[in-house]
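Take a look at the structure set out below.
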Amino acid sequence: ASKRKGKFTYTFYSEEMVEGARYRLFIEQGLHKALSDKAIQAYWQPIVDAHSHRVVGIEALCRWIDKDAGMIPPDSFIPVAEETGLIQALGLHMLREACMLLKLLEREGLEEIEVAVNVSGQQLKDSQFLEALQEILEDTQIQPQRLELEVTESTLQSEQASLLIWQLRQAGVSIAIDDFGTGYSSLSKLTQMSISKLKIDRSFVSGLGEDSRQQIVVEAIINLGRSLGLRMTAEGIETIEQRDYLRDKGVHNMQGYYFARPMPLTELLAYLLEQRPQSSG
Ligand code: C2E
Ligand code: MG
Ligand code: MG
Ligand code: MG
């Protein structure tokens, strides 16, 4: 905060601001190195069918594994990555990982499973994003519709990002709206751009049963999704009650700790093989 006193002007930094700036610098400098050292890793969270509980998708979630600090969650470095432009490299790394997983799933005979990657609005403002993604698709030779990009509602407000999303759809990639209900979306845009899925934000799911108004909002979101003919995934399912309620309301897919937590690749593969229906003779 800046204060004026008499004819002197001075700037006063609070301790929190200094701490905040120091922390940011720590993250910024570390992130650069983490990216080149491959310390940014993809964890994978299964998404299941609401009825059969079979795995239908997997979301890539990045973690920074620091040898001293341990695991650093994305909420503490994604904003810094966005501000510094490092999100471009981070995002392409995650897309490469996702396409490699799709390739692996194909080899394991699990080609019906989709893989989703979070894409921040910042990435969609980069004119080189589309070309870079197309190169990854070509290198890995995966079917583009099995790759789903998760964007937030606010992203759709940018004309530039909307145009790119439309181009991505032309390239065959699927698009999901993440954290649906927490932002503002233009309903006409959802239909114009042939969005394939809505992901109902965890904040609505966690409030179910406690607050009847929350229930009304969730039902309105589900009805909206159904009217628009969109597939819906509920995020953050932690209890059997949440699972049953949302399934009965018509939500197609579920994701949450109740089913599985985000996990490293080796654990994911073990989980998938265990879930795979046995071919009975
Ligand atoms: P998101 O895309 O909405 O991802 C869902 C978040 O909910 C993840 O947090 C996941 O671990 C968490 N979650 C899933 N099920 C449950 C549950 O049952 N209970 C609770 N309490 N949490 C659950 P995470 O991994 O910490 O990621 C946070 C956010 O960071 C993501 O939210 C996404 O917006 C962003 N993010 C993560 N990875 C990337 C990435 O590679 N690129 C970009 N741009 N953003 C990313
Ligand atoms: Mg997401
Ligand atoms: Mg989400
Ligand atoms: Mg989120």
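Within the range 231-244, being more than 13 Å from ligand 1 (Cβ to nearest atom) and surrounded by 19 or more Cβ atoms within 10 Å (Cβ to Cβ) holds for one residue alone: Met232. The set of residues from the range 256-281 being buried (at least 19 other Cβ atoms within 10 Å of the Cβ), more than 17 Å from Gly207 (Cβ to Cβ) and either among the polar types (S, T, N, Q) or within 13 Å of ligand 1 (Cβ to nearest atom) (or both) comprises Ala260, Pro262. All of Ile142, Ile136, Ile165 fail the test of being away from ligand 3 (no atom under 16 Å from the Cβ), outside any helix (DSSP H, G or I) and surrounded by 15 or more Cβ atoms within 10 Å (Cβ to Cβ), apart from Ile142.
Checking the structure you have, find out if any residue of the range 5-27 is outside any loop (DSSP other than H, G, I, E, B), modelled with pLDDT of 90 or more and within 28 Å of Thr266 (Cβ to Cβ).
Initial filter on the range 5-27 (outside any loop (DSSP other than H, G, I, E, B)): 5, 8-11, 15-27.
Still in the running and modelled with pLDDT of 90 or more: none.
Within the range 5-27 (the criterion being outside any loop (DSSP other than H, G, I, E, B), modelled with pLDDT of 90 or more and within 28 Å of Thr266 (Cβ to Cβ)), the answer is no, since none of the residues qualifies.
Please specify each residue of the range 112-133 satisfying the condition of being of a type outside the set (A, V, I, L, M), surrounded by 16 or more Cβ atoms within 10 Å (Cβ to Cβ) and part of a loop (DSSP other than H, G, I, E, B). Residues satisfying the conditions are Ser120, Gly121, Gln122, Asp126. The residues in the range 193-216 that are part of a helix (DSSP H, G or I), surrounded by fewer than 16 Cβ atoms within 10 Å (Cβ to Cβ) and either in contact with a Lys or Arg (Cβ under 6 Å, 6 or more places away or on another chain) or touching a residue at least 12 places away in the same chain (Cβ under 8 Å) (or both) can be counted, and the count is 1.
To keep it simple, each residue is scored yes or no on (1) in contact with a Leu (Cβ under 8 Å, 6 or more places away or on another chain); (2) at pLDDT below 80; (3) within 16 Å of ligand 1 (Cβ to nearest atom); (4) more than 24 Å from Ala161 (Cα to Cα).
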position: Ser185; (1), (2), (3), (4): yes, yes, yes, no
position: Ile195; (1), (2), (3), (4): yes, no, yes, no
position: Arg202; (1), (2), (3), (4): no, no, yes, yes
position: Ser206; (1), (2), (3), (4): no, no, yes, yes
position: Asp211; (1), (2), (3), (4): no, yes, no, yes
position: Val217; (1), (2), (3), (4): no, no, no, yes
position: Ala220; (1), (2), (3), (4): no, no, no, yes
position: Gly229; (1), (2), (3), (4): no, no, no, no
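Please enumerate the residues belonging to the range 145-162 that are outside any helix (DSSP H, G or I) and either within 16 Å of ligand 4 (Cβ to nearest atom) or buried (at least 19 other Cβ atoms within 10 Å of the Cβ) (or both). Within the range 145-162, Leu147, Glu148, Leu149, Glu150, Val151, Thr152 qualify.
The values are calculated or read from the model by the stated rules, or taken from the named source; none is laboratory data. The structure presented is a predicted model; accordingly, all values stated were derived computationally and were not measured. Cβ coordinates were reconstructed from backbone atoms using ideal geometry, including for glycine residues, and neighbour counts include every protein chain displayed.
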